[in-house]
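K.L.:
To start, I am sharing the structure in question, which I have written as structure tokens.
The values are calculated or read from the model by the stated rules, or taken from the named source; none is laboratory data. The model shown is predicted, which means the values in this text are computed figures rather than measured ones. Cβ sites come from the backbone with ideal geometry, for glycine too, and all protein chains shown count toward neighbours.
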Amino acid sequence: MTTELLVSHPSIPFVVGALLMWFVRTVRLRQAVLVAVPLVALMQLSHLPDTAGTFTYLGLALQPLRVDSLSFLFLHVFCIMALIGFVYSLHVLNPGTHGAALLYVAGSLGVTLSGDYVTLFVFWELMAVASTFLIWLQPTRTARDAGLRYFLVHSAGGLALLCGIILRYLETGDLAVVQVVPATAGLADYLIMAGFMLNAAVPPLHAWLADAYPEATITGAVFLCAFTTKTAVYALCRVFPGFDVLAVWGACMALYGVCYAIVENNSRRILSYHIISQVGYMVCGIGIGTDLGVSGACAHAYAHIIYKALLFMGVGCVLEMTGRQKLTELGGLYRSMPWALVFTVIGGISISGFPLTSGFVSKSMVTAAAAEAHCSGILLLLMLASVGTFLSVGIKLPYCIWFREPVEKAPLQTRQAPWNMYLAMAIAGFFCFFIGCSPDWLYRLLPRHAAYHPYTASHVSETLQLLGFTGLGFYLLARKLAPHDTLQLDLDWVYRRAAAVLQHWCRARAQQYDEKLGELYATRGLHHFMGVARRCATYDIERIDRFVDGIAQQVAGCGERIRNFHNGKIQHYIGAAMMLLFLVLGIIVYF
Amino acid sequence: MTPSLLLQGIGYPVLSVLVCLPLAGAGLALFVRSAPAVRWLAVAVTLLTLGASLPLYSSFDRTLPGFQFVEHRAWLPAAQFDYIVGVDGISVVLVLLTTLLMPLCVLCSWREVQERVQEFVVVLLLLEAALIGVFVSLNIVLFYLFWEGMLIPLYLLIALWGGPARNYASVKFFLYTFAGSIFLLFALLMLYVAAGSCSMPELLQQPLSYELQMLVFICCTVAFAVKTPLYPLHTWLPAAHVEAPTAGSVILAGILLKMGGYGFLRFCLGFAPAATREAAPVMMVCALAAILIGGLLALGQQDLKRLVAYSSVAHMGFVVLGIFLLSSRGMQASVLQMINHGISTGALFICIGMLYERTHSRLLADNSALGALMPRFVTLLTLCAFSSFGFPGTNGFIGEFLIIVAAFEKKWILGAGAVPGVLIAAAYMLRALQKIIWADRSPHHHPRETPPRMFSDIGLREVGILLVLVFFIILIGLQPSVVLDLTRASVESLANRVAGAGR
């Protein structure tokens, strides 16, 4: 059973690959490993058993491998994404980045496959730690600070998850990852949901995403954008479909992300807020809970991974070549980086949901589910979010980076990006169109069968109208939408301020008191104690010893006096002898 | 009593051999003039004695409470003095301690004693014979003979090879201890007159009247309290220790002080059990005072040897406390503590001797910041110091812990009074260690302007000496039954004897 597990679990090649990164020295061999590992995983996918059985460890029943259509879908897209991501990062020489990315993907796959909460938690934390290194390996000071915040936030989320798991185990004695019915959900379940929501970057637990992703390494951000949030989406899909609170929250989240994205200046930050927005669609779909909703969320996750990675790759290309990611510092790159423009635009239209792209066939499932469930408020929010998405990433982002005249007159230093970056972007772009053109390929993988036909006249015309008027709106409001180099305050202001206050209090106040307390024994106690010890020593020498020596000196003194008695005069001797004789006689007579 | 020899299958009178071998060696050393040869002779004789004493450990019957390896020979039939030697559980461990420490004393004086080496060896071997004789003799006159016989060699040891104030210290030691022994002689004479016999086995079987017991107890207590030493009769010890050479300090601390404890067990508890029961509270209070005040005295010291001397006062306070708890556990623990103290304080004095050979000063101020220069030495010194204050894992912990447990069992306030003593011990030991290994940062320290020093770390001979002691420190610390097994039966019978004695 163990060998079967080791052979069939797709995380194993990734872990082995990470170990190989440590040992293998030649670059070419490392690159070969990087490409081979996701291919091996894809091969394993075709031979996955339904389950590899249950293990007992420390009295807990663990099921590390459990496959059904839901997890298979996510596994599929994760492995493809891993391949794209590794192709994108072939040119990076630091093996640490590769090792961290490999472990990160391994963690993600492990969560997707886990049948019990213990395995899930272990792989969850593996994901958190490995992804932190993807941020820390960027050698800037801001990356170091952002990585620390990222790690702390994820640790807190992991702790909430752990609390929920432990409470659930204590209440039910069951560790299996199964769906929870909204009516019977208790504190334990809500804690687990909170842990999942933090990884899914649901506001108010979302600020870490926009804080950390812009600071990561270029290739690291490509991985980061794909795995953490979508693994959390999978987890929510598995355990909490149908919770109404998720539907409302998801819709608000979609609009929230878009609002911030429109005003942001940093290109990767814009994309990070769009992650929040798109994940909002998924969370909304899960919350609606109907077959269409859940399938829509899954399909959207699939498509989103690929086109978001494509967007990050395009912007990452710009960052790699120019060293800049702020819109205010970029512009006019259409001459020097045309391919990056093409691919980013492909990603942009995918995320906006243009017909013939993957976004069109997947995002609309969620909105259709909302319409079907007669949630008009949610539908309105999602529509607004679509508008904002296209506005921000479909039009504004490419315009500002590639078309607009740069603010500085000096030309930007550019050179051609490595070929593997373009190859990776090409693969992703291909998938965007492929899924868009033949959606049945994706729909076959969906967990719940929902009859949905995206290419209807109404749908196409509605989409084109929406996008067209958004474009018109941008053209008219272009001046107002110009980027400004300002800092946007998000909800993380609250806990960052609180952390600063706490740190000041600890360093200045608590430490001072602690030092005084620690020194108390020396200032108060030790001084007096040593004084007592010294007084004891003095007493010993002055009194006791002097007494003893005094006796000896007295005896010696007596002897001296008696010696001096011998003065040679015989009459003194006779007189003394007589007195002694009388004394002795007197004593004898008396007694 | 009929003369007899209970050889217990060894085949030779082991105890007489143990007493006579060093005597023979001393006699032989009178003819060897060259210094290196006589040193090697000393090593050979002491090692031979050690080897001859090993059968005591292996053939000792741990189940019998009485005396073993008894040799009974006629000596002065007219005065009913017989030559009786034997060991029981209490004395066998002390004999083994003596034979263990003597070769180490010879080895540690290899370079230290350069003048009159022949006389030094003779004195040392005579001392060994007397020390072993004290522990094995079962005739009270023989006991007194060896008791006093050990004073002269030790006096010579301090007076001839000691420090600057050696005259004062040696005379003080001699007169003080001798004055105490006068009381012992008085008690022994009273015992002989009252019981009509000199042999300890016979005396132990005869019950004595309460008044006689009290008199014997008081006189013996004075003698042994001076020897132990018990506060406030302790002031000879710092002077003697400071001025003695290393071998003298080791013998003084390692073996001589144990004679006081042994005397308490054998005479006060053995011959005067009812009086002991009456007087035990007073003795325990004195012991507690010794523990606490001895520790406080050690804390304020700047001279290393004085510090260890006062720590000996504190440790022997633990021993006396354990004895006068009058429980089997307390007495066993005190015998163990005697052995532990012998080993660890002997080791500490040897370490201080090594320091003195290099820095020619015993002051803490002159011996500071040595950690970088002498790492091996400092490691072994730390181990010995840890054993001295009873760090768990070392032998000192077992002894002190068992005594404190026995004290708590008797009365909780006794245990509560003894525990600060352990804390103070840790304080002064660690303070000394800190100043030796690292620089002295106290406000009282004004470092002298001396050029940077280079000392050689300890060599093979010195490491060997310390490793032997460290081995026993760790062995007894982790497996105290090697000592406790030997003492159990005798101590239990003694405790029963004290508990069952009528008023």
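K.L.:
Mind checking whether some residue in region A:228-251 is of a type in the set (Lys, Arg), outside the structural domain of A:PRO355 (by TED's automatic domain parsing), touching a helix residue (DSSP H, G or I) at 6+ places or on another chain (Cβ under 6 Å) and in a helix (DSSP H, G or I)?
P.N.:
Within region A:228-251, one or more residues are of a type in the set (Lys, Arg), outside the structural domain of A:PRO355 (by TED's automatic domain parsing), touching a helix residue (DSSP H, G or I) at 6+ places or on another chain (Cβ under 6 Å) and in a helix (DSSP H, G or I).
K.L.:
Identify, by number, the condition in (1) more than 14 Å from chain B (Cβ to nearest Cβ); (2) of a type in the set (Ser, Thr, Tyr); (3) farther than 30 Å from A:CYS259 by Cβ that A:TYR495 doesn't meet.
P.N.:
(3)
K.L.:
Which of the residues that make up region A:435-461 are in a helix (DSSP H, G or I) and without any contact (Cβ under 8 Å) to a residue 60 or more places away in the chain?
P.N.:
Scanning region A:435-461 gives A:ASP440, A:TRP441, A:ALA457, A:SER458, A:SER461.
K.L.:
Of a type in the set (Gly, Ala, Ser) and within 14 Å of chain B (Cβ to nearest Cβ) - does that describe any residue in region A:565-585?
P.N.:
For region A:565-585, residues of a type in the set (Gly, Ala, Ser) and within 14 Å of chain B (Cβ to nearest Cβ): absent.
K.L.:
Those residues that are polar (S, T, N, Q) and within 12 Å of chain B (Cβ to nearest Cβ), I need them from region A:547-559; list them, please.
P.N.:
A:GLN553
K.L.:
List the residue pairs whose Cβ atoms are under 7 Å apart, where the first residue sits in region A:146-164 and is at negative phi and aromatic (Phe, Trp, Tyr), the second is at pLDDT 95 or above and surrounded by fewer than 19 Cβ atoms within 10 Å (Cβ to Cβ), and the two are 6 or more positions apart or on different chains.
P.N.:
Between residues of region A:146-164 that are at negative phi and aromatic (Phe, Trp, Tyr) and residues that are at pLDDT 95 or above and surrounded by fewer than 19 Cβ atoms within 10 Å (Cβ to Cβ), there is no close pair.
K.L.:
Here's something else I'd like to know. Look at region A:34-66 and say how many of its residues are over 15 Å from A:GLY17 (Cα atoms) and out of contact with any Ser or Thr (no Cβ under 7 Å at 6 or more places or on another chain).
P.N.:
Total satisfying the criteria: 13.
K.L.:
Here's something else I'd like to know. Only one of A:MET321, A:MET282 is surrounded by 24 or more Cβ atoms within 10 Å (Cβ to Cβ), assigned to a helix (DSSP H, G or I) and either within 28 Å of the chain's Cα centre (by Cα) or in contact (Cβ under 8 Å) with a residue 60 or more places away in the chain (or both). Can you tell me which?
P.N.:
It is A:MET282.
K.L.:
May I pose another question? Would you be able to tell me the number of residues in region B:217-237 that are among the polar types (S, T, N, Q) and away from every other protein chain (no Cβ under 14 Å)?
P.N.:
Number satisfying all stated conditions: 2.
K.L.:
Is it the case that A:THR140 is surrounded by fewer than 24 Cβ atoms within 10 Å (Cβ to Cβ), within 22 Å of A:MET425 (Cα to Cα) and outside the structural domain of A:ILE427 (by TED's automatic domain parsing)?
P.N.:
Judged against the criteria, A:THR140 is not a match.
Rundown of residues vs (1) surrounded by 23 or more Cβ atoms within 10 Å (Cβ to Cβ); (2) touching a Phe, Trp or Tyr at 6+ places or on another chain (Cβ under 7 Å); (3) assigned to a helix (DSSP H, G or I), yes/no style:
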{"site": "B:VAL216", "(1), (2), (3)": "yes, yes, yes"}
{"site": "B:VAL222", "(1), (2), (3)": "no, yes, yes"}
{"site": "B:ALA225", "(1), (2), (3)": "yes, no, yes"}
{"site": "B:PRO232", "(1), (2), (3)": "no, no, no"}
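K.L.:
For region A:508-523, give me each residue that is more than 13 Å from chain B (Cβ to nearest Cβ) and surrounded by fewer than 11 Cβ atoms within 10 Å (Cβ to Cβ).
P.N.:
A:ALA508, A:ARG509, A:GLN512, A:TYR513, A:GLU515, A:LYS516, A:LEU517, A:GLY518
K.L.:
A:LEU170 versus (1) closer than 30 Å to A:ALA373 by Cα; (2) surrounded by fewer than 22 Cβ atoms within 10 Å (Cβ to Cβ); (3) among the hydrophobic types (A, V, I, L, M, F, W, C); (4) out of contact with any Lys or Arg (no Cβ under 6 Å at 6 or more places or on another chain): which is the lone unmet condition?
P.N.:
For A:LEU170, the failing item is (1).
K.L.:
Check region A:5-28 and report whether any residue there is surrounded by 13 or more Cβ atoms within 10 Å (Cβ to Cβ) and at positive phi.
P.N.:
no
Okay, residues lined up against (1) farther than 22 Å from B:PHE349 by Cβ; (2) within 23 Å of the chain's Cα centre (by Cα); (3) away from chain A (no Cβ under 14 Å):
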position: B:LEU127; (1), (2), (3): no, yes, yes
position: B:ILE132; (1), (2), (3): no, yes, yes
position: B:GLY149; (1), (2), (3): yes, yes, yes
position: B:ALA194; (1), (2), (3): yes, no, yes
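K.L.:
Counting residues that are within 14 Å of chain A (Cβ to nearest Cβ) and touching a residue at least 24 places away in the same chain (Cβ under 8 Å), which helices (runs of 4 or more DSSP H) fully inside region B:240-357 reach at least 3?
P.N.:
B:273-299, B:304-324
K.L.:
Next question, about the same structure. Between A:TYR307, A:TYR334, which is assigned to a helix (DSSP H, G or I) and hydroxyl-bearing (Ser, Thr, Tyr)?
P.N.:
Of A:TYR307, A:TYR334, the one residue that is assigned to a helix (DSSP H, G or I) and hydroxyl-bearing (Ser, Thr, Tyr) is A:TYR307.
K.L.:
Do any residues in region A:524-546 that are more than 7 Å from chain B (Cβ to nearest Cβ) have Cβ atoms under 6 Å from those of residues that are in a helix (DSSP H, G or I), where the two are at least six apart or on different chains, and which pairs are they?
P.N.:
If the second residue must be in a helix (DSSP H, G or I), no pairs are left.
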